[in-house]
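Below: one structure, written as structure tokens.
What follows draws every value from the coordinates through simple rules; no lab data is involved. Just so you know, these numbers come straight off a predicted model, no measurement behind them. Note that each Cβ is placed from the backbone with ideal geometry, even for glycine, and that neighbours are counted across all protein chains shown.
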Amino acid sequence: MAHANSDKLNKETMNEIEHGPPEYVKLVSADGFTFIVEKNAAVISQTLKNMLSNPAQLIESEQNEIYFRGITARILEHVCRYMYYNARYKDASTEIPEFVLEPELAYEVFMAADFLKV
């Protein structure tokens, strides 16, 4: 196991050397919970990508903070998990594990994901 962890650490270290340390985005839910997400995962959302790179959205792109008045923490957590899942497996050549989502949350998560264009 130690060998696998050191390989992962070496890959992460090499990635930072080549591309610099990861940038982060702060996502704040309607009920005030904060999620710190790597920017490369967050920009899987076309909406977040536009908000963070568009000069007209100066505050969001300067501060890397986005507030969601209509998305609760319970739902935003699942959307963040999906962004990381998508970032991890988008170019996978092996079998991709199922993204697990509780059925009772599916509709709200789908609506948030649709809004965010994930």
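Observations, loosely collected:
- For segment 101-118, putting each phi into the Karplus relation 6.51 cos²θ - 1.76 cosθ + 1.60 with θ = phi - 60° gives couplings of 9, 5, x, 5, 9, 4, 4, 5, 5, 4, 4, 5, 5, 5, 4, 7, 6, 8 Hz, in residue order, rounded to whole numbers and with x for Gly and Pro.
- Computed from phi, the 3J(HN,Hα) profile of segment 24-30 under the Karplus parametrisation 6.51, -1.76, 1.60 (θ = phi - 60°) reads 10, 10, 9, 10, 10, 6, 4 Hz, with x in place of Gly and Pro.
- Counted by Cβ distance under 14 Å from Asp31, the other residues give a net charge of 0, where Lys and Arg count +1 and Asp and Glu count -1.
- Interchain or long-range residues, amide H under 5 Å from Phe33's placed H: Ala73
- Where labels lie 7 Å past Cα in the beta-carbon direction, separation of Glu38 and Glu104 in nm: 3.3
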